[in-house]
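Reviewing the structure listed below.
The values are calculated or read from the model by the stated rules, or taken from the named source; none is laboratory data. Only a predicted model underlies this, so the values are computations on that prediction, with no experimental measurement involved. Here the Cβ is made from the backbone with ideal geometry for all residues, glycine too, and neighbour counts use every protein chain on show.
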Amino acid sequence: MPGQKMFIKAQKKEPLAKPFLRGHVLPQQVSASDFPGFGRPLDRSQKGAKDVMFPRDRTAESAEVKALYKRTHGSTDPGEGLDRKYEWPNYVKNPIFRFGHGDTTVASGAGAKSALSMDCGEEPLSVPSTLIVKDTLANFQEVTSDQLGTSRNLMQLQSQRGLPSHHAFGKPTSSDPISAGSLIKGAYSLLEQMPDNDLGKCIVKGRRNFETDSGLGIPSVRYDKAAPPPEKRSVANAVNYGDDLNAASLITPTRFQSLGLMPKDFTERRSPSELEKLMRGAGFSASAEELAEIIRGAAQKHGDGDERASLETTMLALEDWLSKQAV
């Protein structure tokens, strides 16, 4: 078939974990083990990494080259200011020169005060001149503008003529027998407070569910199944066994979490033979009688008469045994 032939051809030209075979026929000396390779060999004894990054055989840049890069790229030395080559007049070069217009007609200290005084006249620190206008314009401005400490005039005086002093605009508030408390608490009957008859089940004929003692379906967290060890689970396994790590284990991982050990591995009860293997694997070189004594002391710390013990209690029993040996 054409597809199979193309697949076989691709396998020959593109073998797995090998480069692409282009069909070039190279001389026999290229395939020899002592063939030096193509290209010019690099003499590693001449220059080191420091000489490559900081060569010493290069001449320093001239002043013309530095001036060119300063003008085109703004490249300056560390701590060097940028000189724009401005040609200032001689009076500007005076150390006490300042830009701006100076007012020599105002006394000392009166310039800032005149700038802050917004109601002065034409002369600094003077009273503004009186402006005589028509009284209708002044009255209109007094009525329409906002007055300090009073509400704004809404121009409704014309509509209030002929009305009594106690008159108020708007619709009067009507009395409603239903109070706010009855609205919050409600006045529903017991039948209205009961749940709907279709809550949690289908009431359509032909699709009704039969009520069973146990719930149908499978739970989201599979506590009903024995969880396999984490190291034997596939990355594609999306089953939640209820032993997933929480955010605290991600933020503050335990000491041995990088090795695949969890806190429950140290608190799990183990048989004496398994504890002996773990202690021997950790390099404990005591005799068999001494090791059995330590394991019995660890099992007694649980206080339930079981001969099994955890690694945590075994380490505590080992500390007690070492303190006795030191005495």
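Brief remarks follow.
- In the stretch 33-41 there is at least one residue that is modelled with pLDDT under 80, in a loop (DSSP other than H, G, I, E, B) and more than 30 Å from K13 (Cβ to Cβ).
- Flag if G162 is at pLDDT below 80 and out of contact with any Ser or Thr (no Cβ under 6 Å at 6 or more places or on another chain): yes
- Conditions (1) among the β-branched types (V, I, T); (2) out of contact with any strand residue (DSSP E or B) (no Cβ under 9 Å at 6 or more places or on another chain); (3) surrounded by 10 or more Cβ atoms within 10 Å (Cβ to Cβ); number of the one not met by T314: (2)
- The set of residues in the stretch 134-150 being among the small types (G, A, S) and in a loop (DSSP other than H, G, I, E, B) consists of S145, G149.
- Enumeration of residues in the stretch 207-250 that are of a type in the set (S, T, N, Q), at pLDDT below 85 and part of a loop (DSSP other than H, G, I, E, B): N209, T212, S214, N246
- Residues (free of Cβ contacts under 8 Å to residues at least 24 places away in the same chain and part of a helix (DSSP H, G or I)) located in the stretch 278-295: R280, G281, A288, E289, L291, A292, I295
- When the residues of the stretch 251-277 are filtered to those that are in a loop (DSSP other than H, G, I, E, B) and β-branched (V, I, T), the one that is farthest from the chain's Cα centre (by Cα) is T254.
- Restricting attention to the stretch 46-89, the residues that are on the phi > 0 side of the Ramachandran plot and among the aromatic types (F, W, Y) add up to 0.
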